[in-house]
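*Asks:* Here you go, one structure.
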Amino acid sequence: MTRVLSMASGSAQAALQETPSGFDVHRVRADFPILQRKVRGRDLVYLDNAATSQKPAAVIEAISRYYERDNSNIHRGVHYLAERATAEFEAARKTIQSFLNAARPEEIIFVRSATEAINLVAQTYGRAHLAAGDEVLITAMEHHSDIVPWQLLCEEKQARLRVAPINDAGELILEEFERLLSPRTKIVAVAHISNALGTINPLATMVRMAHDKGIPVLVDGAQAAPRLPVDVQELDCDFYAFSGHKAYGPTGIGVLYGKLALLEKMPPYQGGGDMISSVTFEKTTFNKVPHKFEAGTPDMAGAVGLRAALEYLNGLGLPNIVAHEHELLTYATDAISRIPGIRVIGTAREKAGVLSFVLDGVHPHDMGTILDQEGIAIRTGHHCAQPVMERFAVDATARASFGLYNTKEEIDALVRGIQKVKEVFA
Amino acid sequence: MADLRDLYQELILEHSKAPRNYRQLAGADHKAEGFNPLCGDHFTVYLKMDGDSIQDIAFQGSGCAISKASASMMTQSIKGKTKEQAKELFEHFHRTVTGTANGDGSDLGKLTVFAGVSEFPTRVKCATLAWHTLQAALEGSQESVSTE
Ligand SMILES: Cc1ncc(COP(=O)(O)O)c(C=O)c1O
């Protein structure tokens, strides 16, 4: 069970939200223009952060400023603006490098999303290293984005996709994971945080187990990048993927981190401009890492926006965000679990701000519609993790996922909303 | 503003809790499965045909209140109808739940309780899943249908 701190409920307690470090959620909320709007005549209660996060004004303004002042194509012109745009783009790369504590900026590759990052590794590293009879090891809590690219690869190579099981709390069974690491395993791909269950995986241990057998590890960090301080050198993972849009940045931009030694040996992903150093019809010489993996004009404004987002997170302090979201999770788990008929799906000891649940006799979809009438946005469905639904024998769940701007009052609103759902279905 | 009571009408709630014709149909000669991959709803519709008319119909599966009630009430309103009549009824039902019916007069009977769905565009797929599945069953296609 998730540890639940005993906590007085009620508004007096809920109003006391300033942590000792000075993280003031109400001040933070003012940074997000969308949170000021009404939805269906009510204050927006946005609890769908695992799907995508809202953007602070700093991000929106950085993107506007880029288009108003700096826009040009990168790495090509000699003119002033081309220089400005290139500098902005490369500065974004450096910000991401330090956000992940990567050893070098070349280890940061700009992609469209976490999904593209995983596909890139499957299609380059994977295709170069897998042969018939080899294996790829994932876990039972992966998002479809970390299942299907490997399935496609395995089909092409007549390799086998192995799946490490989870227990009833939604935790990886480490012994089984270790047992499945075989001489045939060519790569391990695992979520840092499960988007359907909230489970935080014991990555450092998993990476060590895999590396003991010489197997590289890709981490799907889509949910973790905005929720935990990530240090890729300390984790020692070989690849780390995340999306800008879940980390308070814009859509259309994502990141693949890879260890330089691996990236240098990998074949290119897509062909096009920028990824080459010379082209004749006979032979093309590829550009250096990271440009080798960045064919065509990238999402430059997206990179600038992502930089602004990560700087915003650094400004608030990731440890403060972790503490705030943990408090929300604890408060919400306690409040939701008290409602008769509720079953929480995913009760790992190590858990991030994602709360999946089902209510007896009410389909999550109906719950979602009724909550929406109250201005409360949650996600309902299988969360692109159908194998997880199957594991817990449900078709779908309702999922409230918290962000740095959520408050206990919003969780109180969610609880009142669920009471309303029960009234409709009484 | 859309009113929840327009969507979750008493009759709909009642059917969702106690769906009619909810069983496997012995001796069915047509069958189809329908999925809504977005929310995980899935239904199987069974038919027993007598020439061109639907002699018996039943369904099984799981889904939200709207999709379940829609399936239940569909089975009631479709029994005894011909293939052509069933198709016409679906078209009318579809116009009603998408809010494009313009009051064309023909009688939907009890199915008019689903008119409220038109104010909830994200729920149209729920209301029509069983109907799409019925159509697949009537056409005898073996493939499962999906509302995505
Ligand atoms: C754990 C996890 N991995 C991957 C993804 C895919 O992210 P994107 O759609 O931004 O590529 C998601 C998004 O829902 C996710 O939660």
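*Asks:* Counting Lys +1, Arg +1, Asp -1, Glu -1, what net charge surrounds B:Arg123 among other residues with beta carbon under 14 Å of its beta carbon?
*Replies:* On the way: positive: B:Lys68, B:Lys125; negative: A:Asp366, A:Asp372, B:Asp3, B:Asp6, B:Asp41, B:Glu119.
Residues near B:Arg123 contribute -4 overall.
*Asks:* Can you tell me the relative contact order of segment B:32-119? Whole percent, Cα pairs under 8 Å, sequence separation 6 or more. Walk me through the numbers before you get to the answer.
*Replies:* Working: 98 pairs, mean separation 17.4, N = 88.
So the answer I get is 20 percent.
*Asks:* Please identify the trypsin sites (Lys or Arg not before Pro) of segment A:320-426 that satisfy two criteria: DSSP loop assignment and at most 10 other Cβ atoms within 10 Å. Which are they? Display every interim value, and only then the final one.
*Replies:* Numbers: sites: A:Arg338, A:Arg343, A:Arg349, A:Lys351, A:Arg379, A:Arg391, A:Arg399, A:Lys408, A:Arg416, A:Lys420, A:Lys422; in loops: A:Arg338, A:Arg349.
In loop regions of segment A:320-426 (DSSP not H, G, I, E or B), the sparsely surrounded trypsin sites (Lys or Arg not before Pro) are A:Arg338.
*Asks:* So what are the radius of gyration and Dmax for the Cα set of segment A:366-426, in Å?
*Replies:* 12.8, 34
*Asks:* Calculate the dipole size of segment B:2-146 relative to its Cα centre from +1 charges on Lys and Arg beta carbons and -1 charges on Asp and Glu beta carbons; express the result in debye to the nearest 20.
*Replies:* Numbers: 15 positive and 18 negative charges, 74 e Å.
For segment B:2-146, the charge dipole is close to 360 debye.
*Asks:* Relative contact order for chain A: what percent, with Cα pairs under 8 Å and sequence separation of 6 or more? Before the final figure, lay out each step's value.
*Replies:* Values: 827 pairs, mean separation 96.3, N = 426.
After rounding, I find 23 percent.
*Asks:* Which one of A:Ile215, B:Ser70, A:Val362 is farthest out on the positive end of the charge dipole of the protein assembly as shown, using unit charges on Cβ (Lys, Arg +1; Asp, Glu -1) and the Cα centre as origin?
*Replies:* Result: A:Ile215.
*Asks:* How long are the semi-axes of the equivalent ellipsoid of segment A:317-424, defined as square roots of 5 times the Cα gyration tensor eigenvalues? Whole Å, largest first. Walk me through the intermediate numbers first.
*Replies:* Values: eigenvalues 91, 61, 30 Å².
That gives 21, 17, 12 Å for the three semi-axes.
*Asks:* Using only Cα atoms, what Kirkwood radius does the protein assembly as shown have, in angstroms?
*Replies:* Details: mean 1/r = 0.0385 Å⁻¹.
When all Cα pairs of the protein assembly as shown are included, the Kirkwood radius is 26.0 Å.
*Asks:* So, one more: How many Cβ atoms of partner chains, on average, are near each residue of A:361-371 if near means within 10 Å of its Cβ?
*Replies:* So the per-residue partner count for this stretch is 6.
*Asks:* Hey, if you put +1 on the Cβ of every Lys and Arg and -1 on every Asp and Glu Cβ in the protein assembly as shown, which of B:Phe90, A:Gly198, A:Val232 ends up farthest toward the positive end of that dipole?
*Replies:* A:Val232
*Asks:* Residues with amide H under 5 Å of A:Ala50's amide H, sequence separation 5 or more or different chain, H placed in the peptide plane at 1.01 Å from N; which?
*Replies:* A:Ser401
*Asks:* Now a separate question. For segment A:194-260, give the share of DSSP beta bridges that are antiparallel, in percent and rounded to the nearest 5; count only bridges with both residues there. If you can, show how the numbers build up before the last one.
*Replies:* Details: 5 of 8 bridges.
If I count the DSSP bridges inside segment A:194-260, around 60 percent turn out antiparallel.
*Asks:* All other residues with a Cβ under 13 Å from the Cβ of B:Asp6 taken together, and with Lys, Arg as +1 and Asp, Glu as -1, what is their net charge? Mind showing how you got there, number by number?
*Replies:* Details: positive: B:Arg5, B:Arg123; negative: B:Asp3, B:Glu10, B:Glu119.
Spelling it out: positives minus negatives among the neighbours equals -1.
*Asks:* Hey, got the average number of other protein chain Cβ atoms within 10 angstrom for residues in A:387-398? Don't skip to the answer; put the middle values down first.
*Replies:* Numbers: counts 0, 0, 1, 1, 0, 0, 0, 2, 9, 8, 1, 0.
Shielding by partners across A:387-398 averages 2.
*Asks:* Continuing with the same structure: Among the DSSP beta bridges whose two residues both lie in the protein assembly as shown, what percent are antiparallel, rounded to the nearest 5?
*Replies:* Working: 46 of 67 bridges.
Antiparallel: roughly 70 percent of the beta bridges in the protein assembly as shown.
*Asks:* What are the GluC sites (Glu not before Pro) within segment A:319-370 that DSSP puts in a loop, where the Cβ has at most 15 other Cβ atoms within 10 Å?
*Replies:* Numbers: sites: A:Glu325, A:Glu327, A:Glu350; in loops: A:Glu350.
Passing sites in segment A:319-370 are A:Glu350.
*Asks:* Taking each residue in A:193-202, count the Cβ atoms of any other chain within 10 Å of its Cβ, then average. What number comes out?
*Replies:* 0
*Asks:* Oh, and also: Report, in debye and to the nearest 20, how large the dipole of chain A comes out about its Cα centre when Lys and Arg carry +1 and Asp and Glu carry -1 on their Cβ.
*Replies:* Working: 44 positive and 51 negative charges, 54 e Å.
For chain A, the charge dipole is close to 260 debye.
*Asks:* How do A:Glu142, A:Glu264, A:Glu171 line up, fewest other C-beta atoms within 10 Å first? Could you put the intermediate results ahead of the total?
*Replies:* Numbers: A:Glu142 25, A:Glu264 12, A:Glu171 21.
Fewest-to-most ranking of A:Glu142, A:Glu264, A:Glu171: A:Glu264, A:Glu171, A:Glu142.
*Asks:* Choose one of A:His324, A:Gly254, A:Val78: the residue whose Cα lies farthest towards the positive end of the charge dipole of the protein assembly as shown (beta-carbon charges +1 Lys, Arg; -1 Asp, Glu; about the Cα centre).
*Replies:* A:His324
*Asks:* Next question, about the same structure. Which links in A:Lys259/A:Lys408; A:Lys186/A:Lys246; A:Lys351/B:Lys125; A:Lys422/B:Lys48; A:Lys157/A:Lys288 stretch past 31 Å when you go from one Cα to the other?
*Replies:* Working: A:Lys259/A:Lys408 40 Å; A:Lys186/A:Lys246 29 Å; A:Lys351/B:Lys125 34 Å; A:Lys422/B:Lys48 38 Å; A:Lys157/A:Lys288 28 Å.
Going by Cα-Cα distance, A:Lys259/A:Lys408; A:Lys351/B:Lys125; A:Lys422/B:Lys48 fall outside the 31 Å limit.
Just so you know, all these numbers are worked out from the coordinates, no wet-lab data involved. Not measured: the values here are computed from a predicted model. No Cβ is skipped: glycine too gets one built from the backbone with ideal geometry, and neighbour counts run over all protein chains shown.
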